[in-house]
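Read the figures in this text as sums done on the coordinates, not as results from a lab. As the structure is a prediction and not an experimental result, all values here were calculated from the model. Virtual Cβ from ideal backbone geometry, glycine too; neighbours counted across all protein chains shown.
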Amino acid sequence: MKKITILIILGLCLISCDWIEHEKLNSFVCSYHGVSKLELNQVENRVIKVDYSVYFAIYYHYKKQYVYNFEKLAAKHGDIGFNKKISWVGPEPGVISYQNIDFTAIRVFTENDYNSSHLAGSSVNDIVRFLGRSSYPFIKSKYKLNRKEDVKSKASDVWNKYVDLSLDPSNYGFNSEETPFSAVEKMVNQLTAEDLILIGGTSFVGPNTKYPNLGFLYLTELPNTSGIYNFRVDFVADDGKTYTENISMEIKTD
């Protein structure tokens, strides 16, 4: 009985002290942040992880702070009418955050002779597959969740190996078996601008956030010989800017 009384008192204290926060969000995306530069890392023989660094984090919808341009960005994606109440303990909600620009195209070039069909300076878009996730279909469907198993079953083994569907469901009240994400898995030369809307997604972005993930690039063909290969990767944004980064990869043919 004593334990129950203590728990009740603690619960009342949490509520009265505003440690438990509540807010109804009109948009699924709660904040946007700026992209500084791409960060490319080789994670396996032919797989590149595409991250980026953040140079500011504004447009918070949280408690109506820093709402400069937030409504404009929400309207751009049709992310209006979510109307879901979230709860959290602490100063910030663990909510979804995206870059404040959308990408319209990805381009990958080899700087070495990769194979007989892809010589130095040529595009390898036809042999590179993009592996990622997007919540734009969720927003476009007026917030219809996917079953995680359905998403995974339609994607390839390599997509399932690298792409994470997790988003802390407790704040949004989502069932742990459901997800707002859809798989984005296409050859780079087949990607459309719509495929790249709201790719990635991360938890609430603050000043110490580093390197949110945009997705992965998978070279579907081997080079002629094992060795060091250099690539240039371009992510073209809808604000007219192209984010470019280079990477050297050790690729083995065996």
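Using a basic spin-label model with each label point 7 Å from the Cα along Cα→Cβ, how many nm lie between Lys85 and Ser153?
That separation, rounded to one decimal, is 3.5 nm.
According to a simple spin-label model (label point 7 Å from Cα along Cα-to-Cβ), what is the distance in nm between Glu177 and Ser248?
Once both label points are built, they end up 5.0 nm from each other.
Straight-line reach from Lys161: which aspartates and glutamates have Cα under 15 Å away, leaving out those fewer than 8 places along the same chain?
Output for Lys161: Glu44, Glu149, Glu185.
Please compute the modelled spin-label separation between Ser141 and Asp234, points set 7 Å along Cα→Cβ, answer in nm with one decimal.
It is 3.4 nm.
Ranked highest first by average number of other Cβ atoms within 10 Å, how do 124-136, 230-242 line up?
Numbers: 124-136: 22.2, 230-242: 15.4.
Highest mean packing first, the order is 124-136, 230-242.
Over the range 183-254, calculate the relative contact order: mean separation of alpha carbon pairs under 8 Å at least 6 apart, over the residue count, as a percent.
Details: 60 pairs, mean separation 17.4, N = 72.
Relative contact order for the range 183-254 comes out at 24 percent.
Given a Förster distance of 35 angstrom, what is the FRET efficiency for Thr220 paired with Asn69, based on the Cβ-Cβ distance and rounded to 0.05? Please report the intermediate quantities before stating the final value.
Numbers: r = 39 Å, r/R0 = 1.11.
Once the sixth-power term is evaluated, E becomes 0.35.
Can you give the FRET efficiency to the nearest 0.05 for Ser36 and Ala193, using r as the Cβ-Cβ distance and R₀ = 25 Å?
Taking R0 as 25 Å, the efficiency between Ser36 and Ala193 is 0.65.
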